[in-house]
1. What does the structure give for B:52-58 when I average, per residue, the other chain Cβ atoms found within 10 Å of the residue Cβ?
2. Nearest-5 percent of antiparallel DSSP beta bridges in the protein assembly as shown?
3. Between residue A:270 and residue A:189, what is the spin-label point distance in nm, taking each point 7 Å from the Cα along the Cα→C-beta axis?
4. Would you calculate the separation in nanometres between label points at residue A:243 and residue A:105, each defined as 7 Å from the Cα along the Cα-to-beta-carbon direction?
5. Tell me, in nm to one decimal, what length is gained between residue A:131 and residue A:75 on full extension, where the rule is 0.36 nm per residue of separation less the Cα-Cα distance?
6. Output the relative contact order of the range A:89-156, whole-number percent, from Cα pairs under 8 angstrom with separation of 6+ residues.
7. What is the fewest-to-most order of B:63, A:273 by other Cβ atoms lying within 10 Å of their Cβ?
8. Return P(r) of the range A:211-439 (all Cα-Cα pairs; 10 Å bins starting at 0; whole %; ordered from short to long distances).
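Each reported figure results from applying straightforward, stated rules to the coordinates on display, with no laboratory input. Computed from a predicted structure; not experimentally measured. Reconstructed Cβ throughout: ideal geometry from the backbone, glycine too, with neighbour counts over all protein chains shown.
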């Protein structure tokens with residue numbers, strides 16, 4: 001008997017269908033039944049095994065097997081088999097045997113006598129003792145994508161030979177099996193994609209929860225964050241401190257993916273937690289930097305601006321770790337950029353341990369402060385150009401007095417207007433000191449006093465003396481303070497305490513503010529508020545040039561030691577106010593009068 | 001500020017009066033340190049001190065440390081209300097040995 005190979009394609013046209021045999025009805029029934037099975041069954045392996053079983057029985061073959069091409073396309077693996085010999089798990093090269101031939105050529109094949117076919121692989125027979133005489137094989141493929149093949153062995157009935165009808169049926173079944181496999185694979189991929197997407201969305205949700213809630217229009221600090229992807233490497237935060245000031249943060253983690261998002265979460269959490277206790281931006285950054293250096297993945301870093309704004313007087317102190325220079329916009333529209341004085345967090349663990357991250361201090365004086373990431377300045381606008389720092393400045397100018405919310409919304413709209421995906425996360429924080437200037441009403445601590453019925457936040461000026469900053473003037477100052485404190489209604493040790501605090505504060509001026517004794521004056525203003533005595537102590541030492549804005553170690557100006565300790569022990573409030581316009585330093589001491597309405601104790 | 005040094009019952013009694021402040025504390029310091037190395041216990045009478053500031057307290061602390069090195073006892077006696085308040089604020093009222101009267105101080109070191 002000669003080996004006869006009949007191409008499946010000859011049989012696949014309408015003509016083949018026209019060859020109506022009595023069994024066509026049964027063929028269709030089998031096809032329909034197996035199609036339903038493929039569609040409904042969840043377990044692909046069980047379905048394929050059933051399919052091989054049915055078709056082997058229907059065609060009346062001795063054995064049947066289903067082979068799948070491995071993902072790399074180099075191997076064929078037997079997934080299911082029926083018959084006297086179990087070959088499930090058998091592995092062939094992708095072009096080995098009749099099955100390999102069919103898969104490679106994407107064509108069906110009838111081999112009437114394997115002895116005459118050069119592709120026949122006799123190794124399996126010799127191993128199992130099974131005698132293969134004839135083979136019917138059809139590939140499983142969908143739109144040219146090869147999936148595997150189904151092979152039937154040794155027809156039992158009739159002349160013992162597979163015929164064209166058998167091939168036609170097997171090809172139809174193979175195709176639907178192929179489709180079932182492909183569907184199953186795609187649904188697995190979809191499930192996996194869905195899972196990853198869902199996880200990213202959960203991560204993004206947690207990230208959003210790390211951002212502060214939108215602030216009220218009257219709150220002076222606000223921010224926006226528009227991620228370029230689902231998760232963001234940028235973050236911002238702001239929260240009130242217990243002394244009425246407001247801490248704010250804006251950071252940009254290197255990279256944009258999930259690792260950046262995780263480092264962002266860590267950094268933001270550390271800063272928020274520690275920032276409520278450590279009200280010195282420079283020292284806070286030193287601590288967080290050490291932590292990030294110890295634990296962050298190599299090569300990742302965070303550029304960051306950490307600051308504190310005082311809504312009572314417009315004072316800002318901030319530390320900039322390698323970040324884009326924030327912009328201060330004065331009421332007259334002029335801009336000042338505050339350059340970074342230190343490397344990003346996560347670069348050098350010990351470089352700054354000694355002195356901490358340098359801080360910059362300045363007064364907004366009714367202006368505004370914008371802190372932003374490079375996603376803003378490097379964002380594309382509709383013209384296809386980068387928004388740029390000038391774009392931001394123009395937009396701030398054109399917003400005029402419209403408030404920072406207007407600017408934030410305008411920036412977001414401007415960079416988003418191309419409709420194209422963002423190049424990078426867009427994040428801005430704005431501090432608005434115009435609110436303070438506009439309202440002019442007491443806020444924060446002063447507001448509490450106002451509620452308590454005080455006639456004014458600063459009270460009535462009782463006494464002002466300006467003397468040469470010399471040790472032998474201290475007695476005069478003490479006596480003046482003593483009489484004034486008694487006048488304000490203080491009794492007992494409170495009088496001595498106030499005298500001590502003022503004396504110590506004046507000593508600090510004499511010893512530290514001026515180069516030598518008697519070089520300048522010291523001015524003391526004593527005020528009486530309903531609930532307190534307020535003392536303003538001012539020196540006229542070298543004025544601090546606000547425009548020059550350089551990092552300044554506060555301890556240089558505020559001598560530590562016993563005197564400072566005594567002042568803070570006896571006074572209810574001790575604040576260094578922003579330098580007056582003509583320079584010098586201004587210290588404000590407040591001592592509450594016991595028993596007044598606003599005295600919380 | 002003025003000060004007066006007397007020997008009393010084998011002790012050196014230094015009595016200050018007036019304010020010990022930034023202006024006068026260098027003198028107070030000099031007077032105190034002059035007693036260090038003389039062997040006898042040092043009693044500092046602060047009954048006449050109406051005011052003492054951090055620089056005055058610092059002088060007392062320095063003298064306490066020096067007298068310890070030289071093996072001398074160092075006591076504060078009859079501390080005025082105002083001075084005691086500052087020592088308490090500075091948390092130094094436990095660091096110094098303080099006696100209510102001069103006699104108690106003399107008894108304490110003998």
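1. 5
2. Values: 109 of 125 bridges.
Among the beta bridges of the protein assembly as shown, antiparallel pairing accounts for roughly 85 percent.
3. It is 4.1 nm.
4. Label-label distance for residue A:243 and residue A:105, simple model: 8.8 nm.
5. Gain in length upon complete extension: 17.8 nm.
6. Values: 107 pairs, mean separation 22.0, N = 68.
32 percent.
7. Neighbour counts put them in this order, fewest first: A:273, B:63.
8. 8, 35, 37, 17, 2
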